[in-house]
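The values are calculated or read from the model by the stated rules, or taken from the named source; none is laboratory data. A quick note: this is a predicted structure, and the numbers were derived from the prediction, not measured. Positions of Cβ are generated from backbone atoms using ideal geometry, with glycine treated the same way; all protein chains shown enter the neighbour counts. Accessible surface is based on the protein model in full, side chains and every heavy atom, while ligands, DNA and RNA are left aside. Shrake-Rupley method; radii C 1.70, N 1.55, O 1.52, S 1.80 Å.
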Amino acid sequence: MAFELEALPYAADALEPHIDKTTMEIHHDRHHQAYVDNLNKAIAGTDAENLSLLDIIKNVSKYSAAVRNNGGGHYNHSLFWKVLGPNAGGAPTGELADAINATFGSFDELKKQLQAAGATRFGSGWAWLIVGADGKLAVTSTPNQDNPLMDVAEVKGTPILGIDVWEHAYYLKFQNKRPAYLEEIFNVINWDAVAQNYAAAK
Ligand code: MN3
């Protein structure tokens with residue numbers, strides 16, 4: 001069973017003016033498609049062909065670098081598209097807001113920590129809001145296309161929000177100004193989707 005690229009859950013221009021249409025098209029239609037295609041090539045004819053993406057990710061140290069990079073790329077981007085959206089932004093509410101206040105003190109502090117995690121990740125990678133094994137929220141980051149579900153991750157947990165800090169996520173509009181992208185993206189984070197991920201993960 002080959003993996004497939006899902007369509008974006010909104011139009012490519014839906015996140016304008018914060019994230020531009022061309023970036024979304026290239027990011028989804030070319031970069032994400034390439035992760036899916038290269039993952040399928042990497043697992044063809046191996047035992048991993050019959051596994052779910054999550055099972056591959058959780059035991060990723062057993063597999064090749066191509067499976068780690070492209071399996072991570074497929075998983076991470078599938079999450080990323082769903083935690084963004086038009087008519088989003090603002091701040092979380094309900095149980096998630098309570099958990100954020102309990103762990104970080106305030107939403108502003110969480111935002112600061114996520115932006116710092118993304119800004120200080122050298123090279124390419126991701127900033128994450130995760131639910132740890134203790135059920136608590138934490139902010140972490142990973143290099144390349146690794147993620148906190150992987151057995152190789154330094155800090156493990158279930159990601160409920162991921163922010164892509166690869167240059168391909170922002171370079172057309174923001175050039176080298178990663179912190180500007182990390183400010184703008186908060187206008188399109190779909191906190192309802194993050195809250196659903198939180199409810200499922202905790
Ligand atoms: Mn990307």
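Scanning the range 163-174 for residues that are more than 10 Å from the ligand (Cβ to nearest atom) and either of a type in the set (S, T, N, Q) or open to solvent by 50 Å² or more (accessible area, probe 1.4 Å) (or both) gives 171, 172, 173.
Which number in (1) surrounded by 18 or more Cβ atoms within 10 Å (Cβ to Cβ); (2) assigned to a helix (DSSP H, G or I) marks the one condition that residue 19 misses? For residue 19, the exception is condition (2).
For residue 88, the requirement of being part of a loop (DSSP other than H, G, I, E, B), within 17 Å of residue 169 (Cβ to Cβ) and either touching a strand residue (DSSP E or B) at 6+ places or on another chain (Cβ under 8 Å) or charged (D, E, K, R) (or both) is met. Look at residue 35 and say whether it is among the aromatic types (Phe, Trp, Tyr) and within 13 Å of the ligand (Cβ to nearest atom). For residue 35, the condition - among the aromatic types (Phe, Trp, Tyr) and within 13 Å of the ligand (Cβ to nearest atom) - is met.
Quick grid of which residues meet (1) basic (Lys, Arg); (2) within 13 Å of the ligand (Cβ to nearest atom); (3) in a strand (DSSP E or B):
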residue	(1), (2), (3)
127	no, yes, yes
148	no, no, no
152	no, no, no
161	no, no, yes
192	no, no, no
196	no, no, no
200	no, no, no
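Matching residues to (1) without any contact (Cβ under 8 Å) to a residue 60 or more places away in the chain; (2) of a type in the set (A, V, I, L, M); (3) out of contact with any Cys (no Cβ under 9 Å at 6 or more places or on another chain); (4) within 25 Å of residue 64 (Cβ to Cβ):
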| site | (1), (2), (3), (4) |
| --- | --- |
| 115 | no, no, yes, no |
| 148 | yes, no, yes, yes |
| 155 | yes, yes, yes, yes |
| 174 | yes, no, yes, no |
| 185 | no, yes, yes, no |
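Cβ-Cβ distances below 7 Å connect the following pairs, each with a first residue in the range 60-75 that is under 15 Å from residue 31 (Cα atoms), a second residue that is open to solvent by 50 Å² or more (accessible area, probe 1.4 Å) and in a helix (DSSP H, G or I), and a separation of six or more residues or different chains: 66/38; 70/38. Only one of the numbered conditions (1) open to solvent by less than 60 Å² (accessible area, probe 1.4 Å); (2) closer than 27 Å to residue 15 by Cα is violated by residue 82, and that is (1).
Residue 3 satisfies every condition listed in (1) open to solvent by 70 Å² or more (accessible area, probe 1.4 Å); (2) touching a residue at least 12 places away in the same chain (Cβ under 8 Å) except (1).
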